[in-house]
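A.B. asks: Just passing along the structure, written as structure tokens.
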Amino acid sequence: MSENTELSDADKIRLKRLARLGTSTPVQQEKPSSEQESASATASSSAVHTPASAGSRLLSTPPSNPASSSTAPSPSTRPSKPAASKPSGDSQSAKPSTLSLGKRPASATPVNEPVGPRVVPSKAATHLSRVDYAQWQTRKVGDIFSVTFDRQKAQESDWSLCWLKGLAEELIEENCPQPLETTVDMADRLLIARLSLDPASMASSDDPDVLSVLVGLPTGETIFEYLTGCWKRLYGANRESLKYSFSTEERRSWAAAFDKLKGLIISYCGMTLEDPTMFPQPQDKPVGPAEFLPLLLSVTATSNPEGDQHTTSSQVAASTSPGALAGADLLPFLNDLAIGFPSDTMADVITPTLSLFFQEWYKITPTPDIMGAEWRRYIGAVNLLLQVKSIAAILPTLTIWVAPDVTAPKLEWQSLLGPLTRLSVFPREFPEIWKSYFSNPTERKKEDIDANKSNLRYTLGSLHTSLFNIYNSIVRASPESREGVLDFFALTIKLNEKRAGMRVDPRTVSSDGYMTNLSVVLLKLFEPVMDAQFSKIDKVDPAYYKYSKRVDITEETKIKGTKEEADDYFGSVMQVDTKPNFISDLFFLTNAFVHLGIVKTVATRERAEKNMSEIEKELKRAESQRATWVGNPAMETQGEAAVKKLKSDIATLHASIHAYDTQLLDPAMVRLTVSFLGYLMTWLIRMVDPVHKHPGTRINLPLPAEAPLEFRMLPEYLFDNITEYFDFLARYHPDALDDVDKDIVITFVVTFLSPNYVNNPFLKAKLVSILSYGLWPMGYWRKGALFDRLSVHSLSTDYLMPTLIRFFIDVESTGGHTQFWGESRNIQRIFKSMWENPLHREAFVKARHDDFDQFVRFINMLMSDTTFHLEESLTGMAKISSIQNQKADADAWAALPQNERDDQESQLRAAESSAPFHTQMGLENVKLIRDITATTKEPFVTAEIVDRLAASLDENLAVLVGPKISELKVANPEKYSFKPKDLLAAIAQIYLNLGNEAEFIRAVANDGRSYSKELFEKFARLLKNRAIMTDAEVAEVVSFTQKVEDMKATIQIEDEREVPDEFLDPLLSTLMKDPVILPVSRVVIDRGTIRTVLLSKEVDPFNNVPLKYEECIPDTELKAKIDAWLAEGNTQKAADVMDVDQL
């Protein structure tokens, strides 16, 4: 039948399988002779079987590989140790094993070394057994496929060897040599014949031989289990070959046979995973991806969050099929699978399994979280897959990597790694966690809460390490996969631009957990760059935003640039093919994720705390109304229900805040974030360093007047990341500042408080806030974590005081300095902490000499703050006192109408809420003026300051000492930070500090509104009787009062004289002391008057022409006339003031 033109059974089987795949391949009509067929089979026996598609894999003939027969390894070239991981071979049971999932070697398996386990014989080669190689190979091929052509052999094996009766008859018809043998050349036909057996149809056969074969088939064995059993038996045969003394040629022949058989088996394994319906399968078992996935999920990842080591313990339950893969077999099998398929066809093989991967995830109820074990199984499976470099390389190219046209809220659900990446402890996404770990936080011990946080943080550390290993494996797999991951990060940023807004609907963006975890992954990816020497800092491209399209900052506010300047800068980009380097991509993507992820999650946490504070106030108001419920059951029931609801809301928010802090204040995450932000600060400083040598050589100040263009075009959120995160740490976890590189923080703050480099005054205010909180006592830092370095850091001692002064001047010049009263406390704290340091005091005094006008403007703003806070403080205390006195008269209070009582209660709550702040700020401002006047008097006696200062001091003194003092008596004054004795002592010291300055004495004497001799005598008496000051200091107060009285007498005489018109100030109609001529209008005006005018607006008040104070021309001739006129007047001594002993 050599010329048989009809299709053979094997060809029919092939065509039937191809029909299912929708492909076809012509079948040869003329059969080759047995010699030709044998030669052809021999020529192709050593090739790796890697057809391009499922259809062509069935009929394709592996290409010839002549090199395989000549380069097969000899025994002497094999390693002296066995491989670390081995398939379980012929073992019938799967035992628990530990599989190290280290990095797979970058190169493929060497050509001269067979893939898979190797066993080195323990005996010398002279003791190896001798068998006939040809017979052994034939027998092994049959054993590997568990098939035979001999019915007797099948029967002797109790039918464990499958008798291929149909194939045997077909071969006999083809006149194949007898007896039929299971040779390597027959491998393809043997495998197809075995795979084509259908136990379901065989069971209905009347042929006793068919039924005998059916009995020997493993019950319920799937095609994949059979093929993996062949794969394991193949490796077992390979190990067995080492026991025999084969010749070099025989070993080369076996190596070629081994490669061919492995390629054939792996090829059909891949086809089965891609299309499990190609061959008959059991009806009651999952097949293809559905049977492979449980094997992957049996791998449980356990990670050490403190390091990068990753091990996997695999425990696969014993299977009824002897061919099922055991845990230790998975990685070698995946390696062979990857070698057997090129990347384009490997994608077809692995995609169905990965697609099913998260279909099964979504079926888990309830949704998996980090408290359960499901996520470990899935993340272990992904880690196992990615140990194979070629699989990691193709992941970003798969259709299931990220869904097309995905939206921000769906991104974490419709991307391959999204469901794992979104796992967190944040309350919005995973409310069960705070309910389980932090419920009723006010009723639980702090140690219990902290222990729960530690447990969750350990789990989070494991999750973050695993996620990093996954993304890092893909990034390192190939340049293409690295670009794919970076593109995915960029897509996430683009889709979540709305997160940058102040108020964001969480339903329109990705979750906090997803964004925060990706931030941590990027921080870990960038960690190797952050060495102590900043050796790679120049790899970060300053022009990245100009040439890269991954991060779009078109709509972002720039650090120091208008929209027109930005449009011109970015519009001048030339199209270039060069891509930014990987370090630049990571650096700027990480910044974007910190901005949209960590910083915005911090803002969410702070809003929760603010809401809790508001509810607590509401609870206090509700509980204060309990007395009104008595006797009214309906109101009592309603009121108690409201109180219960408020307490429940507070407990929920409190628990939620604990959940946020668990992740946001995780020490490992804080360390990473702080390190990265330190790197960012150093890079920004280097950008503005004129010589670009920082930090190798520390930057020198002051900076040039104009900032570099590339710096000015950077997005403002780079600064926002730094200020917001450090402000968060300083307020909620100040201990973290102890681990910060303090020199970097101090250098950054002092550098960028300089003018002309940062537009947004709120960012500068945050910089001041960081320093201020760094000076807050904590733990063993009695003066704050930054105090020691701030005290000696050269930039701090030379430039901190001047830059703080200039900052507040810049704020005032915006016309919105009232928005920064909260920052006054911060600058007060800095001044107070640093004032004891002579180096800082010297820098403060130097600032006065270097730019006196600037210093005067600073004092002017400080006076405005002081006046405001004192007025608000004393007014608030008077309001509190008034309402408290009303409520003390219970009958009169009860007689008031309900609406009036409610209004009074509302006013009391408002006053009690604001009074402590203004009282404390007023006192601190007065103390600051006291300290400054002790060393620097000139600014306070200038014409534009001295009258305001004297009037403010006298007015507040009149309130504290005069008849109005009774209006300030309140219950529990400490509650409102009201310390009248401290305030009186500070005011008294200011009088003494300036007591020898004639201008100040005259200003006090001129204050006809508040000053009186009787007031100051009462003031001195109070200082003495209340032991606020010593007798010597009180005597100085009395002496100052005498000077003021003498000056009043002199002023009275002056007022009695008629002042010539040319001596009068044109704006105030007062006697000029130092006349100057305005350069344009030529008007003569007093120097103090025009300086006061120019503090508000630098224009000539008579023609609105721009005017600088320095442009005013002294009128020396007129000044001489005024001095002479004053000298002509007579003075008289005022009546004596009461002696201190008479007080």
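A.B. asks: Counting only residues 5 or more places away or on other chains, whose amide H sits under 5 Å from the amide H of L1107 once H atoms are built in the peptide plane?
C.D. replies: HN-HN under 5 Å from L1107: V1099, D1100.
A.B. asks: Another question, then. Residue by residue, what Karplus-based ³J(HN,Hα) values in Hz, rounded to whole numbers, does segment 430-436 have, using 6.51, -1.76 and 1.60 with θ = phi - 60° and x for Gly and Pro?
C.D. replies: Each residue's phi maps through the Karplus curve to give 9, x, 5, 5, 5, 5, 7 Hz.
A.B. asks: I would also like to ask the following. Quick one: 3J(HN,Hα) in Hz for segment 653-666, Karplus 6.51/-1.76/1.60 with θ = phi - 60°, rounded, Gly and Pro as x.
C.D. replies: With coefficients 6.51, -1.76 and 1.60, one gets 5, 4, 5, 4, 5, 4, 5, 4, 5, 4, 8, 5, 9, 4 Hz.
A.B. asks: May I pose another question? Pull up the cross-link candidates among the aspartates and glutamates for K981, meaning alpha carbon to alpha carbon under 19 Å and not fewer than 8 places away within one chain.
C.D. replies: Qualifying aspartates and glutamates at Cα under 19 Å: E871, E872, E924, D931, D954, E955, E967, E1017, D1031, E1033, E1036.
A.B. asks: To continue, here is another question. What ranking of R841, R139, R507 comes out by heavy-atom accessible area, probe 1.4 Å, highest first? Write down the numbers at each step before the final one.
C.D. replies: On the way: R841 80, R139 115, R507 185 Å².
The most accessible residue leads, giving R507, R139, R841.
A.B. asks: Here's another thing I want to ask about it. Would you pull out the residues with amide H under 5 Å of V402's amide H, same chain only if 5 or more places away, H placed 1.01 Å from N?
C.D. replies: L416
A.B. asks: Given Cα positions, please report Rg to Rh for segment 851-1056, the hydrodynamic radius being the Kirkwood one. Spell out each step's value before the answer.
C.D. replies: On the way: Rg = 19.0 Å, Rh = 18.3 Å.
Rg/Rh for segment 851-1056 comes to 1.04.
A.B. asks: OK, next. How long are the semi-axes of the equivalent ellipsoid of segment 436-561, taking √(5λ) for every eigenvalue λ of the Cα gyration tensor, in whole Å from largest down? Spell out each step's value before the answer.
C.D. replies: On the way: eigenvalues 211, 95, 53 Å².
In descending order, the three semi-axes are 32, 22, 16 Å.
A.B. asks: Sticking with this structure for a sec: Of K445/K620; K549/K579; K620/K887; K536/K563; K494/K546; K764/K937, which ones are farther than 20 Å apart at the Cα?
C.D. replies: Numbers: K445/K620 24 Å; K549/K579 10 Å; K620/K887 18 Å; K536/K563 32 Å; K494/K546 17 Å; K764/K937 28 Å.
With Cα atoms farther than 20 Å apart: K445/K620; K536/K563; K764/K937.
A.B. asks: Sticking with this one: If amide hydrogens are placed 1.01 Å from N in the peptide plane, which non-local residues have theirs closer than 5 Å to the one on V1059?
C.D. replies: Residues meeting the amide H criterion: none.
A.B. asks: Assuming R0 = 51 Å, can you tell me the calculated FRET efficiency for the pair N632 and E1033, based on Cβ-Cβ distance, to the nearest 0.05? Intermediate results must be reported in sequence, preceding the final value.
C.D. replies: Details: r = 60 Å, r/R0 = 1.17.
Plugging the Cβ-Cβ distance into 1/(1 + (r/R0)^6) gives 0.30.
A.B. asks: Calculate the all-directions average of the projected area of segment 350-440's alpha-carbon convex hull, and give it in nm².
C.D. replies: Details: hull surface 26.2 nm².
Projected area, direction-averaged: 6.5 nm².
A.B. asks: When the Karplus curve 6.51 cos²θ - 1.76 cosθ + 1.60 is applied with θ = phi - 60°, which whole-Hz ³J(HN,Hα) does each residue of segment 895-907 get, with x for Gly and Pro?
C.D. replies: Couplings: 6, 5, x, 4, 5, 6, 5, 4, 5, 5, 4, 4, 5 Hz.
A.B. asks: Report, please, the projected area of segment 133-287 averaged over directions, based on the convex hull of its C-alpha atoms, in nm². Intermediate values should be presented prior to the final figure.
C.D. replies: Details: hull surface 38.8 nm².
Taking a quarter of the hull surface, the average projection is 9.7 nm².
A.B. asks: Let me ask something else. For segment 153-260, what is the charge dipole size about the Cα centre, in debye to the nearest 20, if Lys and Arg each add +1 at the Cβ and Asp and Glu each add -1 at the Cβ?
C.D. replies: Values: 11 positive and 19 negative charges, 144 e Å.
Roughly 700 debye, rounded to the nearest 20.
A.B. asks: Using only the alpha-carbon atoms, what does segment 577-706 span along each of its principal axes? Please give whole angstrom values in decreasing order.
C.D. replies: The principal-axis extents, from largest down, are 80, 35, 30 Å.
A.B. asks: Based on the Kirkwood radius over alpha-carbon pairs, what is the Stokes-Einstein translational diffusion coefficient of segment 995-1085 at 20 °C with 1.002 mPa s viscosity, in µm²/s? All intermediate terms of the calculation are to be shown ahead of the outcome.
C.D. replies: On the way: Rh = 15.6 Å.
Rounded to a whole number, D works out at 138 µm²/s.
A.B. asks: Enter the accessible area of Y133 (Å², nearest 10), with the probe set to 1.4 Å and all protein chains included.
C.D. replies: 20
A.B. asks: Right, next: Please report, to two decimal places, log10 I(q)/I(0) for segment 505-605 at q = 0.10 Å⁻¹ as given by the Debye formula with identical point scatterers on the Cα atoms and no solvent.
C.D. replies: -0.36
A.B. asks: Next up: Can you give me the three principal axis dimensions of segment 839-899 from its C-alpha atoms, in Å, biggest first?
C.D. replies: Result for segment 839-899: principal-axis Cα extents of 65, 21, 12 Å.
A.B. asks: How big is the equivalent ellipsoid of segment 733-778 along its three axes, where each semi-axis is √(5λ) from the Cα gyration tensor, reported in whole Å from largest to smallest? Intermediate results must be reported in sequence, preceding the final value.
C.D. replies: On the way: eigenvalues 92, 27, 10 Å².
For segment 733-778, the semi-axes come out at 21, 12, 7 Å.
A.B. asks: Let me ask you something else. How much length is gained on full extension from Y458 to A403, taking 0.36 nm per residue of separation minus their Cα-Cα distance?
C.D. replies: Values: separation 55, 0.36 × 55 = 19.80 nm, distance 3.22 nm.
Stretched fully, the Y458-A403 segment lengthens by 16.6 nm.
A.B. asks: Next question, about the same structure. Would you mind giving the average projected area, over all directions, of the Cα convex hull of segment 788-940 in nm² with one decimal?
C.D. replies: That works out to 11.2 nm², a quarter of the Cα hull's surface.
The values are calculated or read from the model by the stated rules, or taken from the named source; none is laboratory data. Here the structure is a predicted model, which is why all the values come from computation and not from measurement. For neighbour counting, all protein chains shown are included, and Cβ atoms are generated from backbone atoms with ideal geometry for every residue, glycine included. Only protein heavy atoms, including side chains, enter the accessible area calculation; ligands, DNA and RNA are left aside. Shrake-Rupley method; radii C 1.70, N 1.55, O 1.52, S 1.80 Å.
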